[in-house]
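Trainee: The structure is given below, and queries will be raised subsequently.
The values are calculated or read from the model by the stated rules, or taken from the named source; none is laboratory data. Because the structure is a prediction, the values reported are computed rather than measured. Positions of Cβ are backbone-derived with ideal geometry, glycine not excepted, and every protein chain shown enters the neighbour counts. With ligands, DNA and RNA removed, areas are computed over all heavy atoms of the protein, side chains included. Shrake-Rupley method; radii C 1.70, N 1.55, O 1.52, S 1.80 Å.
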Amino acid sequence: SSLSSMTVFTFNLTNGAVAQPSPFFTLSASGVRFSAAAYSVSKDPSALSDTAGVYGSSMGAMFGGATRDAEILRIQAPAFRTRSVWQDVSWPGASNTIRIMLMANIDLSQGAIIMVSSLDYQDGSSGAPSGTIALGGPDASSFSSAPSAPNSTGTWDDVAKVLTLYVQSGLLAGATYSFSFGLVNPRCGQPASPVCVRARGIAVGCASNVVIPRRAMDPAADIHAPLLVQSPSINFASLVHSTPFASALNQLTLTVQSSVPLNFGLLAPMLTLSGLNGSSTPSTSALAVGAVNGTWSRETGTLVFPISSQTQQGVNYTYIFTLRNSACNQAPPTVSVQLSNLCFQLRAVAPVPFVACNLNGTSPLEVVGAPCGQAGSSALFTQKVIGQSTPYPGCENQITLSFTVNVPLPAVASVVVVDFADSVAMDVSLLNDNAVLGDLYSGTFFGSTSVIGLNIADGGFNCTCPGSKNALVFTPAAGDGGSGAAGTYSLVNGVVTSWTITSGGSGYLVPPVVSLSGTVCTRAASLTPLMSYGSASTGYGQWNANTRTLSLRPAVDLVPCTSYTVSITVTNPVALPGGATSVSVLQEAQAVTIAATGVPIPSTEMAYSAQWLRSDLVGVSAAQGDHRPMRVQAPRFLVKTIAQTSPFPGADNTLTVTFATNVAVSAGARIAVSNLVGAMGTVATRTDLTLTSGSAFISELSSSSYGTWYDCEKALVMFAQANLNCNGGSYSFSFAVKNPVTPQPCAPVRINVTGITGSAGYGAGLQAQLTDAASTRSAWLPTPSAGVLMDHDMATVLSGVQGA
């Protein structure tokens, strides 16, 4: 070229495979040496643009250029410029797919080796068997597990947790390659693994073992980070059973919710229930739990079964199995649940209360029945409540009881016995020795009217009797009121072989003595006593007035878990031989027990219920215990008021008396209004006075709607014509007197009722008095202080009376 002219030329070099800065170089030509200024070279510090097909490989080696990359022969270190990793599934023990995307800044020659490492399993579990592992993804065919191995494979080292790949046909710099492989996730929760990638054995120019140094890969966020495993936990577990009764087959329902899916992929966890103690089911390896079999150990109280189908996280799943309950009473065990094959923590199972046969809620495998180590039935009353309708003395009182049993009680052979305290005064209206039953199940029971207990005390006979039929003679036991039973018996070769009850009889408290009457007979050895029942007449219960017991014999089998309610009507006492318990209570309630025979149920105290207590009665409440059977209030006035029509001296004055009592005022009881100081009824003493609205009363002289005036005593006396009502209702009557002519303050009027008789039964000879402590109870006429001070009717306005 000519002097001072610009010559431009280019030439190609292959960059080395080792990183280096731009070197210093000189320029010379055929021995001509240039000055330093002449050959100084400007090093462009800018970044090169990516021009595919012009520079470097066919993919363009200048991708992602950086500052000073334009400096001559400046060479970057070999690296994976893109190295992304993520996963599909974060559940423990699940089949997972690990996905990788790589892009190198250097061509990777065929045979180069890529290693993906630090795929950590903190719990030491296996990700996949060591050896060849299949690859997936769009570029899987670019790799193999060995130089001569099939495409789309790699080599997995399960000990070191490293994936090794051989480049099959060369990878171009700047090109993105994606592939995937499958692993089973760790069984325990863990953070994401710090996955790394490197390459070696890359041939570049003269260099044959160029490496790409190990670098951490870029993980995806949150649950897609590689080998991030969510910690498994049991969010919820509960257990409920179907029966609390001894020796019963008990269906148990377990409900479980986990924080992760179960049986997701290859790993099927085993569920273990522990603490199921006390069951009588023998150990077995084939206890049905839904559609699968579990292994049951009676000795350890443990049930193990597989989760056979895939579940979802946060969803409740139920598993049902059946065990037989303990043969005797048992407290509820503490049950725990755990899932094996995964890192679940042991969790207590919440017991769900189950209500059966009116029992309070029972927990799983809690058993109610006879105590362990004692003979007896596991039968019991699961409900046993009793209450009354009224505590008013002398009134008819409906005693209602409701009970439930946990086992069948067979008809006829069983007896339910309700036992009131012997000292309780109560009068039961009887038909022979049977009380009429009321309420829903009255027709389910019968008493003694058709039940004959045969005690063949005279034994059999050796007879030469001409006939085959002979009479049965029933003789009541001492003190027994039974009567009317009759029958016949048959003899074969002088031995009683059968008998027939031709008349049912009634009223037997204890089995009667039965004699055999024949002709030309002599007694032989006693026969075994036998029991026979006639046809049941339902709607009755047998009442024993001496022991205060009510016996209910089922006419049909009593069904478990059914509430049977019956009632009897009694008459409350009006007085007791020893007097009232307190000023307000005549008789306090005492414990009532219930038991059963035939199917033995031990005697147990009944609970009190206020549901049958009448709400319309004045001065009655459950709060003061009035609902408890045979609690009887002391006789008292509920209302006792008196009013007048005129306050003027010497004037005609109509006095109105209103009274109400809590006692059944019987016909013939005497009501006396006394202390009518200054009143002038009539000059004659013991004279009838007309009672307005007093039709319920009769005078001493037997005049209806009249009272007898005692002028000297200033008292009005009358008698109840019939039994007054027993609901606390008021009675009013009026009578006319003349006021005194001299002024006086209001009179301290008193009222009393005497001669109140009880019912025909218990306490019939006793009488109640409605008086105060100062009363003379035996006096026919009241003294001035006899009776209860009356209340003045302050609400009555004397309209039309001047100055009143």
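Trainee: Can you figure out the FRET efficiency of Val559 with Val583, using R₀ = 56 Å and their beta-carbon distance, to the nearest 0.05? Don't skip to the end; give the middle numbers.
Mentor: On the way: r = 47 Å, r/R0 = 0.84.
In this case the efficiency is close to 0.75.
Trainee: Identify all aspartates and glutamates with a Cα-Cα distance to Lys384 below 17 Å; exclude those on the same chain that are fewer than 8 residues away in sequence.
Mentor: By straight Cα distance, Lys384 reaches Asp419, Asp439, Glu605.
Trainee: What residues have an amide H closer than 5 Å to that of Thr153, excluding those fewer than 5 places away on the same chain, when H is modeled at 1.01 Å from N in the peptide plane?
Mentor: Leu135, Phe143, Ser144, Ser145
Trainee: Something else about it: If I ignore ligands, DNA and RNA and count only protein heavy atoms, how much of Lys161 is accessible to a 1.4 Å probe, in Å² to the nearest 10?
Mentor: 20 Å²
Trainee: Keeping every protein chain in place, order Met790, Met101 by accessible area at 1.4 Å, biggest value first, i.e. largest first.
Mentor: Numbers: Met790 10, Met101 60 Å².
If we order Met790, Met101 from most to least accessible, we get Met101, Met790.
Trainee: Rank these residues by their accessible area, most exposed first, probe 1.4 Å: Cys343, Cys357.
Mentor: The residues order as Cys343, Cys357, largest area first.
Trainee: Additional query: Nearest 20 debye, what's the magnitude of the dipole of the range 681-760 about its Cα centre given +1 on Lys and Arg Cβ and -1 on Asp and Glu Cβ?
Mentor: So the dipole magnitude of the range 681-760 works out to roughly 140 debye.
Trainee: Over 17 Å apart: what share of the alpha carbon pairs of the range 565-638 falls there, rounded to a whole percent?
Mentor: Result for the distance tail: 55 percent.
Trainee: Which distance in nm do the two modelled labels at Ser208 and Asp439 give, with both placed 7 Å along the Cα-to-Cβ direction?
Mentor: 10.6 nm
Trainee: Right, another one. Can you run phi through the Karplus equation (6.51, -1.76, 1.60; θ = phi - 60°) for the range 242-248 and list ³J(HN,Hα) in whole Hz, with x for Gly and Pro?
Mentor: My calculation for the range 242-248 gives 9, 7, x, 9, 4, 6, 7 Hz in order.
Trainee: For labels at Ser730 and Ser126 in the simple 7 Å Cα→Cβ model, what's the distance in nm?
Mentor: 9.6 nm
Trainee: With a 1.4 Å probe and every protein chain left in place, tell me how much accessible area Ser666 has, in Å² to the nearest 10.
Mentor: Rounded to the nearest 10, that gives 10 Å².
Trainee: Let me ask another. At 1.4 Å probe size, with no ligands or nucleic acids counted, give the accessible surface of Asp439 in Å², nearest ten.
Mentor: About 80 Å², rounded to the nearest 10.
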